[in-house]
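A short reminder: the numbers here are calculations on the coordinates, not readings from a lab. Quick caveat, the model's predicted, so the values are computed rather than measured. Every residue, glycine as well, gets a Cβ built from its backbone with ideal geometry; the counts of neighbours run over all protein chains shown.
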Amino acid sequence: MPIWLTRTLIGLLIALTLIIITCITRQSFHQKTNKHTDKITQQDMEISMVRNNDLEHLPALIKDWLYAVGVVDSPVINHVQLHQSGKMKLDPEDDWLVPTAKQTINVPETAYVWDVKLPKFYTLGRDVFHEGRAEMRIHALGLIPVVNEKNHTKLNESALHRFLLEMVWYPSFALSENLTWEPLNDTQVNVTLSKFDMHVSAIFTFEDGLLRKVEAMRYKDVDDDSERLLCVGTIDAYEKHDQWLIPTQLDVTWMMDDTAFTWYKIDVTDITFN
């Protein structure tokens, strides 16, 4: 057999082997993501209705918001599944990427699974928060681990912060007994979520009855020397989905050394409840 043919066959064999390994690894990644999702969606929950008197203990700004988005006389939101697109940057100097993401949320359990795909190097990502423990994994080519963090104190706190900030998608969570509300002025309220032996706080800013900005000091990284940074979510658009008026366009920004790094411009392409 000619040497060139031998080399060609060896090259093809190596390429085929890499393709098979990559496919198997990607499939394994998706299967583990699905297992996490199944864990937080398998519980059957009784659906109750929100009534006027359920809001009596809340500050006026929160009451106005819940009325405006249709929470009153609607079912309590227990489960949410939303699909996201938009634009994303992993680093301030990077070009914008177009992600495809699906997020599944169990509101009473304070749990979520976020499954994201990025076209750059066929990157797969998974954020999980369940029973107070967080996991973050990112694989390039669906194969090479780039981020692999699990059940780290800072990561757990940041994940609980995220759940609090994303209340915009499940506004009936505002009635939770785990929340403490403190009015700050005519447009802002401080909210603290206490669960899993953690306490995280955020400031909600309202305009014309609608929630327009959420912000909190939370961890972006989990290194030993990492400190909390200001994370800001601004809501650009609302749309009616079922009974509820839900944010569908949001920008998520980190303040890094007084410089704003908007890393995710979210478009919610579909959302289902309960």
Verdict on VAL268 being more than 25 Å from THR41 (Cα to Cα) and either aromatic (Phe, Trp, Tyr) or buried (at least 17 other Cβ atoms within 10 Å of the Cβ) (or both)
no
What number of residues within segment 106-141 are of a type in the set (A, V, I, L, M) and either outside any strand (DSSP E or B) or in contact with a His (Cβ under 7 Å, 6 or more places away or on another chain) (or both)?
6
If MET167 meets every condition in (1) out of contact with any Phe, Trp or Tyr (no Cβ under 7 Å at 6 or more places or on another chain); (2) not in a strand (DSSP E or B) apart from one, which number is that one?
(1)
Taking segment 76-100 and keeping only residues that are part of a strand (DSSP E or B) and under 12 Å from TYR264 (Cβ atoms), one is left with GLN84, SER85, GLY86, LYS87, MET88, LEU97
When SER158 is evaluated against the numbered criteria (1) of a type outside the set (D, E, K, R); (2) touching a Lys or Arg at 6+ places or on another chain (Cβ under 9 Å); (3) closer than 14 Å to GLU109 by Cα, which criterion, by number, is the only one it fails?
(3)
Take the conditions touching a strand residue (DSSP E or B) at 6+ places or on another chain (Cβ under 8 Å) and not in a helix (DSSP H, G or I) and apply them to ALA159. Does it pass?
no
